[in-house]
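J.: Take this structure, written in structure tokens, and hold onto it; I'll ask about it next.
The values are calculated or read from the model by the stated rules, or taken from the named source; none is laboratory data. This one's a predicted model, so the numbers in the text were calculated from it and none came from an experiment. Because the Cβ atoms are built from the backbone with ideal geometry, glycine has one as well, and the counts that use them run over all protein chains shown.
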């Protein structure tokens with residue numbers, strides 16, 4: 001059912017039609033023919049009916065390599081059991097609340113003072129329902145204190161609770177050498193030895209630790225200037241500016257870029273910092289379905305055709321806000337298509353590369369490098385130093401005029417203290433290492449190691465039968481757990497086997513789709529990964545987590561038969 | 001524990017009913033309730049149907065139209081604190097459809113007996129009326145205001 005652009009234009013306002021055939025003849029530069037893969041075949045508002053969403057692009061002029069993402073659909077029986085689980089938890093929650101009300105059970109949550117009972121309530125019991133009855137039960141999986149460098153292995157402080165996780169006590173022991181599968185340590189720069197740590201220590205002796213001012217006043221060190229030039233060189237853009245906090249980079253700079261009368265088109269699964277920045281700016285926000293380019297195009301064309309809501313005046317600016325890697329899903333943005341759309345409809349693009357900078361691309365320059373695109377096509381490149389560089393803070397990079405404007409108009413620049421010198425030195429050294437400018441090939445090796453580890457880990461988990469979300473190249477690997485009890489069980493069982501993982505549940509994810517999120521690091525050696533994988537497999541068998549219904553290419557039963565068994569039978 | 005959401009939607013309550021398997025779980029639980037009631041020996045079949053209808057409507061009224069707010073803190077500064085779940089949801093056409101089906105089935109099985117009819121109709125109305133869009137945010141006699 002091929003559609004010509006003429007018929008599509010005639011149906012201007014209709015929902016995007018599902019395209020039945022996968023590939024269409026190319027028309028270079030035309031955004032209409034961007035939707036070539038089955039991923040874009042669904043309508044903007046229809047529910048997904050296919051069993052799985054697997055997208056493999058074969059020959060498409062926009063993509064230089066295959067783009068494989070999969071989000072296997074939740075099996076129905078799992079969804080039903082998960083809902084049943086939540087219902088049981090809710091029933092027990094109400095029961096225990098009743099017991100607490102009758103003072104049979106202890107009450108731990110803050111309550112009104114007796115003399116203020118008639119005032120407007122300060123605490124709403126129902127708002128704490130989830131925290132009291134669901135979160136507290138499995139609270140020991142989060143906020144675990146770490147007492148070493150969060151590298152490939154870490155030390156945890158052992159803690160116990162005698163009142164079912166309401167309070168914790170430290171036993172005094174340290175759990176040593178816990179395999180760290182949760183830190184955003186993609187290139188392994190979280191270390192306390194080596195050239196980065198040494199140069200940072202040296203800088204402390206020269207500059208001290210605090211800066212005691214904002215960038216605009218006296219806090220602009222020559223180290224900051226050096227670091228910003230380095231970042232600009234790393235990314236291949238004209239100019240860059242760094243801020244002390246990654247979250248604040250987004251939430252304080254988006255209001256400086258857009259305001260009332262502008263339109264922000266943001267992805268469904270954008271990070272809270274982007275959502276907060278968008279809401280603070282006062283611009284109109286429209287959300288498009290995650291990574292769905294057809295939906296984005298529909299929104300863009302509608303915005304341009306109809307203009308602002310009541311006055312129908314043209315929008316002052318249209319800003320598309322996407323992320324490089326979405327950390328809850330492990331998916332990578334379809335950047336070539338976004339850039340083609342942006343050029344066609346003349347919108348601006350804000351790319352948040354918090355998780356992808358340093359982790360993707362053969363030179364480690366992020367998702368722009370991964371797709372072999374020109375960084376000058378992206379108007380605002382944003383990223384953080386927390387994940388791949390082992391430091392802290394965020395940056396915004398782009399044209400020189402943009403960055404000069406931000407230096408005087410951004411809240412972070414004017415009011416927040418500047419970055420601490422050792423952190424800045426860590427960024428400079430790690431960036432030089434990745435670029436190879438320090439004369440060694442450590443950076444190159446780490447990038448390769450990360451890519452190998454990612455591919456290996458994903459492949460092995462798939463083969464074992466777990467449901468893994470996301471792109472095949474993303475070092476963030478969400479593994480589905482679904483049921484609320486398994487969230488707590490998985491975290492605890494893995495800790496018993498000396499592996500630390502991050503588990504996430506509702507409301508940070510949707511109700512049914514709770515998950516464990518693994519972050520692979522270049523610091524993980526193959527032995528560490530193998531240990532982790534065998535532990536995950538064991539726990540997965542005990543907890544019955546192997547939900548995948550795909551046929552694996554290497555059937556697991558093939559390993560059961562040794563080669564010489566058949567020879568014995570013949571004799 | 002205010003981790004916020006990974007989704008742009010700040011109040012996850014609006015999306016709970018759209019989750020996968022919610023509709024099937026709902027239907028299965030009604031079926032289970034009906035079966036349990038059927039296994040009570042001294043209750044006749046028409047009474048069981050009426051009871052199922054009534055209990056279902058009562059539970060739905062309590063959960064969707066009485067309980068207000070969210071069981072967790074949301075980053076939308078408490079906008080949903082005074083809203084019932086029905087008012088928070090963005091759609092719910094399925095639920096009115098299920099009530100109509102249930103009502104029709106019950107009427108059929110009770111053989112249109114007058115007493116049963118009255119009871120069932122009243123029960124249905126208590127659940128259908130709050131769902132009308134004209135009653136969005138309306139609190140009659142100030143009941144359930146805060």
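J.: Out of the residues in region A:106-116 that are within 26 Å of residue A:88 (Cα to Cα) and exposed (fewer than 11 other Cβ atoms within 10 Å of the Cβ), which is farthest from the other protein chains (Cβ to nearest Cβ)?
T.: Among those that are within 26 Å of residue A:88 (Cα to Cα) and exposed (fewer than 11 other Cβ atoms within 10 Å of the Cβ), it is A:106.
J.: Determine, yes or no, whether residue B:115 is surrounded by fewer than 14 Cβ atoms within 10 Å (Cβ to Cβ) and away from every other protein chain (no Cβ under 14 Å).
T.: yes
J.: Additional query: Checking the conditions here, which among A:212, A:201, A:240 is over 17 Å from residue A:499 (Cβ atoms), assigned to a strand (DSSP E or B) and either modelled with pLDDT of 95 or more or over 30 Å from the mean Cα position of the chain (by Cα) (or both)?
T.: A:240
J.: Identify the residue in region A:496-515 that is touching a strand residue (DSSP E or B) at 6+ places or on another chain (Cβ under 8 Å) and away from chain B (no Cβ under 14 Å) and, among all such residues, is farthest from residue B:17 (Cα to Cα).
T.: A:498
J.: I would also like to ask the following. So, residue A:118, is that one in a loop (DSSP other than H, G, I, E, B) and on the phi < 0 side of the Ramachandran plot or not?
T.: Against the criterion (in a loop (DSSP other than H, G, I, E, B) and on the phi < 0 side of the Ramachandran plot), residue A:118 qualifies.
J.: While we're on this one: Does residue A:463 fit the bill of being surrounded by fewer than 22 Cβ atoms within 10 Å (Cβ to Cβ) and closer than 30 Å to residue A:75 by Cβ?
T.: yes
Listed here are the residues, each with its yes/no results for (1) within 30 Å of residue A:86 (Cβ to Cβ); (2) in contact with a strand residue (DSSP E or B) (Cβ under 8 Å, 6 or more places away or on another chain); (3) touching a residue at least 40 places away in the same chain (Cβ under 8 Å); (4) more than 14 Å from every other protein chain (Cβ to nearest Cβ).
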site: A:132; (1), (2), (3), (4): yes, no, no, no
site: A:139; (1), (2), (3), (4): yes, no, no, no
site: A:163; (1), (2), (3), (4): yes, no, yes, yes
site: A:166; (1), (2), (3), (4): yes, no, yes, no
site: A:200; (1), (2), (3), (4): no, no, yes, yes
site: A:204; (1), (2), (3), (4): no, no, yes, yes
site: A:214; (1), (2), (3), (4): no, yes, yes, yes
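J.: Among the residues of region A:310-319, is any surrounded by 23 or more Cβ atoms within 10 Å (Cβ to Cβ) and under 23 Å from residue A:250 (Cα atoms)?
T.: yes
J.: If you don't mind, another one. Any residue at all in region A:117-126 that is within 14 Å of chain B (Cβ to nearest Cβ), under 25 Å from residue A:503 (Cα atoms) and at pLDDT below 90?
T.: yes
J.: Only one of A:70, A:61 is under 28 Å from the mean Cα position of the chain (by Cα), more than 13 Å from chain B (Cβ to nearest Cβ) and closer than 30 Å to residue A:388 by Cα. Can you tell me which?
T.: Of A:70, A:61, the one residue that is under 28 Å from the mean Cα position of the chain (by Cα), more than 13 Å from chain B (Cβ to nearest Cβ) and closer than 30 Å to residue A:388 by Cα is A:70.
J.: Can you list the helices (runs of 4 or more DSSP H) found entirely within region A:246-360 that contain at least 3 residues being touching a residue at least 24 places away in the same chain (Cβ under 8 Å), within 14 Å of another protein chain (Cβ to nearest Cβ) and under 28 Å from residue A:186 (Cβ atoms)?
T.: A:246-257, A:272-281
J.: Please verify whether residue B:85 is at pLDDT 80 or above and at negative phi, treating the condition exactly as stated.
T.: Spelling it out, it is not the case that residue B:85 is at pLDDT 80 or above and at negative phi.
J.: Please specify each residue of region A:133-158 satisfying the condition of being in contact with a helix residue (DSSP H, G or I) (Cβ under 7 Å, 6 or more places away or on another chain) and either modelled with pLDDT under 85 or on the phi > 0 side of the Ramachandran plot (or both).
T.: Passing the criteria: none in range.
J.: Being part of a loop (DSSP other than H, G, I, E, B), within 14 Å of chain A (Cβ to nearest Cβ) and modelled with pLDDT of 75 or more: is that true of residue B:74 here?
T.: The answer is no for residue B:74.
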